[in-house]
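The values are calculated or read from the model by the stated rules, or taken from the named source; none is laboratory data. Everything numeric here is computed off the predicted structure, so don't read it as measured data. Quick reminder, even Gly has a Cβ in these numbers, built from the backbone with ideal geometry, and neighbours come from all protein chains shown.
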Amino acid sequence: MNATGSMGLAVAVRPCRRLLAAHLFPGCPHHRLPSAALFLVPGLPHDRRHFSSKRPRPLGGGGGSQRRYASSWVRAAVAPAKDGAALSDARRLSTSVGPLSPGSDRALEQILIQGLAAVKPLVIERVEPEKERMAVVEEKVDERAEVAKVREESESMKEAWRLLKNAVVSYCGSPVGTVAANDPAVESLNYDQVFIRDFVPSSLAFLLKGETEIVRNFLLYTLQLQSWEKTVDCYSPGQGLMPASFKVRSVPLDGSKDGVEEMLDPDFGESAIGRVAPVDSGLWWIILLRAYGKITGDYTLQERVDVQTGIKLILNLCLSDGFDMFPTLLVTDGSCMIDRRMGIHGHPLEIQALFYCALRCSREMITVNDGSKGLLRAVNNRLSALSFHMREYYWVDMKKINEIYRYKTEEYSQDAINKFNIYPEQIPSWLVDWIPEKGGYLIGNLQPAHMDFRFFTLGNLWAIVSSLATPRQAEGILDLMEDKWDDFVGNMPLKICYPALEDDEWRITTGSDPKNTPWSYHNGGSWPTLLWQFTLACIKMGRPELARKAIAVAEKRLQKDQWPEYYDTPTGRFIGKQSRLNQTWTIAGFLASKLLLENPEMASILTFEEDLQLLEGCACNLTKSPRTKCSRHAAKSHF
Ligand code: GLC
């Protein structure tokens with residue numbers, strides 16, 4: 001089925017019309033409208049996007065064997081369950097998974113998920129065994145809550161929990177997410193919305209506390225918001241895109257003067273400042289889905305047909321062919337946590353690390369059948385190619401920088417050493433003195449004749465967490481961060497990127513952005529939310545003491561400063577110029593970091609180990625072209 005097939009009615013969707021439709025047909029989601037309305041307002045709220053509180057969508061199980069997860073709740077997060085028949089091995093645990101024969105088809109495959117649009121189910125019925133499922137999850141939740149009670153909570157943790165609970169957003173009486181910030185002193189803009197990326201630390205804190213319902217609801221409702229129209233209109237989201245954020249709106253109830261009903265209104269970037277595309281949302285959603293399964297043992301959620309379809313739509317969007325020659329994802333500026341112009345268009349590290357992680361999660365979660373084999377092969381192939389590319393071309397340390405310094409340019413051949421034609425003059429002067437003898441990092445971006453040597457923290461941390469970086473590289477990144485502690489942590493962990501763009505570089509790259517002035521906000525500001533991801537990486541690498549040290553620095557100030565969104569200055573001394581207070585992911589990130597340190601084994605719900613079989617299928621082996629020389633040995637040498 002193509003875009004103009006049975007989905008044709010919804011093809012020309014304009015965001016403004018979606019809202020217009022909400023007003024024309026208040027409380028009337030797509031499936032309840034007369035069919036004529038579809039023609040009158042072609043962009044009316046799709047029923048996967050807006051829901052009426054009159055008939056809240058039940059989020060019950062949509063199939064799968066409900067008993068499979070029983071008794072594997074906590075165990076699931078730390079070790080394989082014993083009842084081997086019950087769950088597919090791939091999913092169950094350990095963080096590495098036997099690949100689905102990466103070598104069986106060595107060609108890099110193009111993915112076409114035929115007819116997906118036609119199969120995405122719209123109605124999810126609550127089924128009876130759901131009660132049993134909930135009973136098992138609740139039992140486990142009680143156990144965890146008991147353990148949590150025994151533990152002494154610091155004053156700052158108590159306040160953080162109180163604020164996090166205040167931030168919870170409900171839809172039709174059920175918790176579905178947390179607002180980005182609760183700061184009454186400033187205009188809320190879109191900070192009163194639930195951001196997909198911001199909710200990840202909230203969900204981690206809730207999951208670690210044993211509160212799973214909010215996460216399950218979030219996963220299912222955001223799935224309902226996912227764009228699944230194949231649109232050709234400008235400013236319309238592509239099929240599979242997850243929104244950046246959503247808001248629960250109250251609209252007048254059809255035919256009643258006083259009554260109101262609730263609806264979910266997503267923002268795919270069409271209202272966002274700068275109209276930035278939320279490329280990371282779908283990746284975060286997949287990562288969270290796996291974590292939810294691992295910690296609750298409730299694998300029925302990811303096995304549901306609608307959830308499987310949601311994963312496939314995201315992958316389809318990410319794996320579809322474009323003009324690009326690289327295995328990395330080509331994106332526009334501001335498509336991730338840094339959602340403003342900051343010169344990160346192209347192949348930014350953050351997106352690549354999350355992409356790699358989401359591919360590894362998907363590989364575990366996609367149900368293997370004839371219909372999914374092609375997709376799984378493509379996932380494996382992409383994983384191999386992507387890890388090779390990143391390890392080989394993004395990694396810099398003292399030795400590599402010296403190599404670049406001596407590069408010849410204008411090489412035309414398959415054997416070129418300087419494949420991207422990097423001019424040595426590009427090595428910035430700050431880097432020459434800054435790079436230590438020991439350690440290294442993955443650069444921010446790589447394009448023809450362009451290496452962005454800035455250190456981007458989120459991408460480097462997720463390269464560790466997901467094993468996109470080799471074990472040696474992962475060690476090297478933490479070595480560097482430890483060595484440059486004042487630059488990364490200083491008075492507040494952690495710097496979003498290092499160093500800041502200044503003077504002409506700032507003017508040209510940001511367009512003189514007054515929010516992103518040097519050492520502020522996205523331009524070298526310090527973001528406490530990065531702490532949970534640092535903690536995760538430190539635990540994975542067996543260096544929890546580093547995380548403990550950073551958390552101690554944060555704890556001294558966060559509560560006192562009222563949980564700011566970000567800090568300014570090279571050492572993070574000042575609360576950020578336009579920083580919101582009571583920023584939810586600052587609060588949740590702090591809680592999640594503390595809880596992870598207390599339960600380090602729980603880090604495995606998010607981490608992955610090195611998978612040697614993926615290395616076997618490196619990019620060069622995958623292409624059948626005799627002209628391509630394999631340089632896998634180079635990649636392996638890091639290992
Ligand atoms: C800012 C951040 C973005 C975050 C949003 C809500 O725009 O750059 O990453 O999701 O605020 O907190």
note = Flagged in segment 324-373 as hydroxyl-bearing (Ser, Thr, Tyr) and in a loop (DSSP other than H, G, I, E, B), in numbering order, are Thr328, Thr332, Ser335, Thr367, Ser372
task = Only residues in segment 161-185 that are among the aromatic types (Phe, Trp, Tyr) count as the first member; pair them with residues that are not in a loop (DSSP other than H, G, I, E, B), Cβ under 6 angstrom, at least 6 apart or cross-chain, and list the lot.
result = Tyr171/Val248; Tyr171/Glu262
key: Answer residue from segment 560-606, given it is within 14 Å of the ligand (Cβ to nearest atom) and either of a type in the set (D, E, K, R) or without any contact (Cβ under 8 Å) to a residue 60 or more places away in the chain (or both) and is farthest from Gly177 (Cα to Cα) among those   = Lys577
inquiry  = Step by step: first the residues of segment 179-206, then only those that are away from the ligand (no atom under 12 Å from the Cβ), assigned to a loop (DSSP other than H, G, I, E, B) and of a type in the set (A, V, I, L, M), then the one that is surrounded by the fewest Cβ atoms within 10 Å (Cβ to Cβ). Which residue is that?
reply    = Ala185
query = For segment 518-540, how many residues are surrounded by fewer than 23 Cβ atoms within 10 Å (Cβ to Cβ) and within 15 Å of the ligand (Cβ to nearest atom)?
reply = 0
key: Flag if Leu329 is within 16 Å of the ligand (Cβ to nearest atom) and under 27 Å from Ser604 (Cβ atoms)   = no
task = Quick one: count up the residues across segment 259-294 that are within 15 Å of the ligand (Cβ to nearest atom), hydrophobic (A, V, I, L, M, F, W, C) and part of a helix (DSSP H, G or I).
result = 6
task = With the condition kept exactly as written, say whether any residue in segment 317-329 is over 15 Å from the mean Cα position of the chain (by Cα), modelled with pLDDT of 95 or more, under 12 Å from Leu223 (Cα atoms) and crowded, with 22+ Cβ neighbours inside 10 Å.
result = no
request  = Please indicate, with yes or no, whether at least one residue in segment 305-312 is small (Gly, Ala, Ser), more than 16 Å from the ligand (Cβ to nearest atom), on the phi < 0 side of the Ramachandran plot and crowded, with 22+ Cβ neighbours inside 10 Å.
outcome  = yes
query = Within segment 333-347, restricting attention to residues that are near the ligand (Cβ under 10 Å from one of its atoms) and of a type in the set (D, E, K, R), which residue is farthest from the chain's Cα centre (by Cα)?
reply = Arg340
Unmet requirement for Ala358, which otherwise passes all of (1) within 16 Å of the ligand (Cβ to nearest atom); (2) within 13 Å of the chain's Cα centre (by Cα) = (1)
